[in-house]
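Presented below is the structure to which this report refers.
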Amino acid sequence: MPKFFVNGNECTVDEPEKLIYYLRDTLKLTSVKDGCTEGACGTCMVLVDGKPQKACVLRTDRLEGKHILTVEGLSEREREVYAYAFMHAGAVQCGFCTPGMVISAKALLDNNLSPTREDVKAAIKNNNTSEIYMMINQGGAQGMLTMEQDLKRLYLAKKISLETAITYANNKTRIQQILAA
Ligand code: FES
């Protein structure tokens, strides 16, 4: 039986399964969001031995000896700091993908306390919803048009699902027409 650690607690599993299901359903660590279940969106990001990885593409039988960290495992001080920093930057939106972003931010800041803008972009490049954050922040009619084209690009590149594209679009009818074109 593989043994690993989640937020410092020892775990063993009888039946191998995707790590995301074990974290959410067995351990009730619901900060780990299930956005696509196929490694595309990054909302399920966790740290595995300090490295950001997507819980939906990991299996519990391949984690022998590994240390997994979710947002629930952050110290109270860390939670306060990340909550403040994300709010201060306006990076909250609906909050669904925020835990995954926080995990990627922690992976960066644990190793580099003075990151450049490029470092930050690289750190969140696997949180594909980060592209949606940037699009939303463009604002205005032109921004919305660009956003819809970008949603189409992400959808065609299989980085987001049809449902996600429609969810993030302001004009649901138009995005459906654009995606169908
Ligand atoms: S739920 Fe894991 S990458 Fe989308």
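The values are calculated or read from the model by the stated rules, or taken from the named source; none is laboratory data. Remember, predicted model here, so these are calculated numbers, not experimental data. Note that we place each Cβ from the backbone using ideal geometry, even for glycine, and neighbour counts take in every protein chain shown.
Restricting attention to region 139-164, the residues that are over 20 Å from the mean Cα position of the chain (by Cα), at pLDDT 70 or above and among the hydroxyl-bearing types (Ser, Thr, Tyr) add up to 0. Evaluation of Ser75 against the conditions (1) among the small types (Gly, Ala, Ser); (2) surrounded by fewer than 21 Cβ atoms within 10 Å (Cβ to Cβ); (3) not assigned by TED's automatic domain parsing to the domain that holds Val13 shows that the sole unmet condition is (3). Would you check which residues across region 1-46 are hydroxyl-bearing (Ser, Thr, Tyr) and touching a helix residue (DSSP H, G or I) at 6+ places or on another chain (Cβ under 8 Å) and list them? Those that are hydroxyl-bearing (Ser, Thr, Tyr) and touching a helix residue (DSSP H, G or I) at 6+ places or on another chain (Cβ under 8 Å): Tyr22, Thr30, Ser31, Thr37, Thr43. All conditions but one from (1) within 16 Å of the ligand (Cβ to nearest atom); (2) under 17 Å from Val6 (Cα atoms); (3) exposed (fewer than 14 other Cβ atoms within 10 Å of the Cβ) apply to Lys54; the one that does not is (3). Taken across region 33-41, residues that are more than 8 Å from the ligand (Cβ to nearest atom), in the same structural domain as Cys94 (by TED's automatic domain parsing) and surrounded by 20 or more Cβ atoms within 10 Å (Cβ to Cβ) do not occur at all.
Give region 4-32 a look and list any residue that's among the basic types (Lys, Arg) and either farther than 15 Å from Val71 by Cβ or in contact (Cβ under 8 Å) with a residue 12 or more places away in the chain (or both), or say none. It would help to see each step written out before you state the result.
The initial filter retains those residues of region 4-32 that are among the basic types (Lys, Arg), namely 18, 24, 28.
Correct list: Lys18 only.
Taking first residues from region 43-70 that are within 17 Å of Asn9 (Cβ to Cβ) and basic (Lys, Arg) and partners that are within 15 Å of the ligand (Cβ to nearest atom) and modelled with pLDDT of 95 or more, the Cβ contacts under 6 Å between residues at least 6 apart in sequence or on separate chains come to Lys66/Val48.
Would a scan of region 70-86 turn up a residue that is within 16 Å of the ligand (Cβ to nearest atom) and in a helix (DSSP H, G or I)? Even if it seems obvious, please write down each step before you answer.
So the first thing to find is which residues in region 70-86 are within 16 Å of the ligand (Cβ to nearest atom), and the list is 70-71.
Going one step further and asking which of them are in a helix (DSSP H, G or I), we end up with 71.
Checking region 70-86: at least one residue is within 16 Å of the ligand (Cβ to nearest atom) and in a helix (DSSP H, G or I).
Scanning region 87-110 for residues that are free of Cβ contacts under 8 Å to residues at least 40 places away in the same chain and not in a helix (DSSP H, G or I) gives Ala89, Val92, Cys94, Gly95.
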